[in-house]
1. Among the residues in the stretch 112-122, are any touching a strand residue (DSSP E or B) at 6+ places or on another chain (Cβ under 6 Å), within 21 Å of residue 74 (Cβ to Cβ) and surrounded by fewer than 19 Cβ atoms within 10 Å (Cβ to Cβ)?
2. Collect the residues in the stretch 226-240 that are in a strand (DSSP E or B) and surrounded by 23 or more Cβ atoms within 10 Å (Cβ to Cβ), keeping them in residue-number order.
3. Scan the stretch 13-31 for residues that are at pLDDT below 85 and assigned to a strand (DSSP E or B) and jot them down.
4. For the stretch 250-260, does any single residue satisfy the condition of being surrounded by fewer than 24 Cβ atoms within 10 Å (Cβ to Cβ), touching a residue at least 40 places away in the same chain (Cβ under 8 Å), touching a strand residue (DSSP E or B) at 6+ places or on another chain (Cβ under 9 Å) and part of a strand (DSSP E or B)?
5. Which condition from (1) touching a strand residue (DSSP E or B) at 6+ places or on another chain (Cβ under 7 Å); (2) over 28 Å from residue 370 (Cα atoms); (3) buried (at least 19 other Cβ atoms within 10 Å of the Cβ) is the one that residue 203 breaks?
6. What number goes with the only condition from (1) within 18 Å of residue 22 (Cβ to Cβ); (2) not in a strand (DSSP E or B) that residue 80 does not pass?
7. In this structure, does residue 91 turn out to be assigned to a loop (DSSP other than H, G, I, E, B) and in contact with a strand residue (DSSP E or B) (Cβ under 9 Å, 6 or more places away or on another chain)?
8. Answer yes if at least one residue in the stretch 331-343 is at pLDDT 95 or above, closer than 23 Å to residue 61 by Cβ and touching a strand residue (DSSP E or B) at 6+ places or on another chain (Cβ under 7 Å), and no otherwise.
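The values are calculated or read from the model by the stated rules, or taken from the named source; none is laboratory data. Quick caveat, the model's predicted, so the values are computed rather than measured. Don't worry about glycine lacking a Cβ; one is built from the backbone with ideal geometry, like all the others, and counts go over all protein chains shown.
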C-alpha cells in the first residue's frame, strides 16, 4: 500500500482552467493544455462600376453579390504543453481542412527547448518578420493583416518549416533568427528562407510602451518551391488579388530566384491609445524584361494605424511575440475599441516599357483605408466590424489614355470565440 501511494504521489496531476483546460503534474515535468478559436465572418461586397474608357478589371469583373455571404475564416484547435524540458505546440485549422487535406491544414507544429537565455525551436512556425505578422489572429486590430505581412509581401509564406532561435537578451531587447524551407506540411516544395528580427523597448512601463523593430529576410525559390512573389489582397478576405511581381517570372530567368526584404516597425501605446506602423522594401529578382534584358523589381509597402479603447483599457505588450495583444474588459458591458488604418503597396518599376505586374500599364499600386470597431463583451469573445475603402491603380496605356482605377468597398463582420 505504501509503495502504491508513493508511486501515485509521484505521478499526481492537477486540473485547472486558465484560458482553457490544462493538466499539470505536481512535479512540473508534464503539462498539456487545450485551446481553440472560431472566427465566423460575414461580408457585403460593393464592386466598382465598369468604365467605358478601359477594359474591366479587379472588382469590376464581379457581379453585385458574387462574394457576399458567410464563411468560417478560422477554426483552430491547439494543443500545447511540456514534457520535462521540451515544449510543444500543435495547431490545426479545420476551416482549411475542408478544402486542403491534413497535414496541409496544420498551422503551428513544433517542439522547443531552452538554450542559453532563449528557446531553440524546430518544426513549422512563422518566420520572425514583422510586427503585425507575428500578432495572434485573436489579437490583430483588424480582421485582416496589412500588405507588410503574408497578406502582401510574403504572400503564401506564413507558416514554414525549419529551425529558429528567439531570446530576450535583456528585459527590453529581443532577437529572433530562423533558417527555414519554403514549404508547408503537406506540400512537396523546395527552396529556403533565412533571416531575423530584433526588437527594442526604449519605454516599457505599465501604462506606456514604445516598440522599435527591424527585420530582414531572403527567400530563395526555384521551379519546385513556393514562388517568391508579392500579391496584395484589397477588400479583405473576400476582396481582389493584385500581383505586384513574381521572382523568376521573366522569360529566360534562371531556376534560382530571390526575394530580399528589409522591414522597420514602430508602435507606441500610451493609456488607451495605440499608434503603430511598418515600412518594408522588397527586391524581386528577374521579374520582367526591358529591351531584351532581364530586370529586377523593387516593391515598397507600408501602413499606419491607430486604435483607441473608448472604455479605457490599455493594450498589452507580449514579449514572447514582440507584439501587442488585447486587454481584458474592465466593465460589465465589456471593452469598446475604434481603429483606422491606411495601407499602401506599389511596384516602383512598373512602366509602359517595364511590366513586372503583367498589366501592360504605367503603374501598379494598391491603397486601402480600413475603419474598424471592436467590441469585447467578455473574455474570449469579440465582435469586429470593418469597412474597407480601396483603390487599385494600374495607370494608363499611353499618352492621352485614361488612368485605370478599381474602387472596391467591402463591409465585413466577424464573430470570434476563443478559449
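1. Taking every residue of the stretch 112-122 in turn, none turns out to be touching a strand residue (DSSP E or B) at 6+ places or on another chain (Cβ under 6 Å), within 21 Å of residue 74 (Cβ to Cβ) and surrounded by fewer than 19 Cβ atoms within 10 Å (Cβ to Cβ).
2. 229, 230, 232, 234, 240 - these are the residues of the stretch 226-240 that are in a strand (DSSP E or B) and surrounded by 23 or more Cβ atoms within 10 Å (Cβ to Cβ).
3. 13, 16, 17
4. Yes, the conditions are met somewhere in the stretch 250-260.
5. Checking residue 203 against (1) touching a strand residue (DSSP E or B) at 6+ places or on another chain (Cβ under 7 Å); (2) over 28 Å from residue 370 (Cα atoms); (3) buried (at least 19 other Cβ atoms within 10 Å of the Cβ), the one that fails is (3).
6. The number of the failed condition is (2).
7. Spelling it out, it is not the case that residue 91 is assigned to a loop (DSSP other than H, G, I, E, B) and in contact with a strand residue (DSSP E or B) (Cβ under 9 Å, 6 or more places away or on another chain).
8. Yes, there is a match, as at least one residue in the stretch 331-343 is at pLDDT 95 or above, closer than 23 Å to residue 61 by Cβ and touching a strand residue (DSSP E or B) at 6+ places or on another chain (Cβ under 7 Å).
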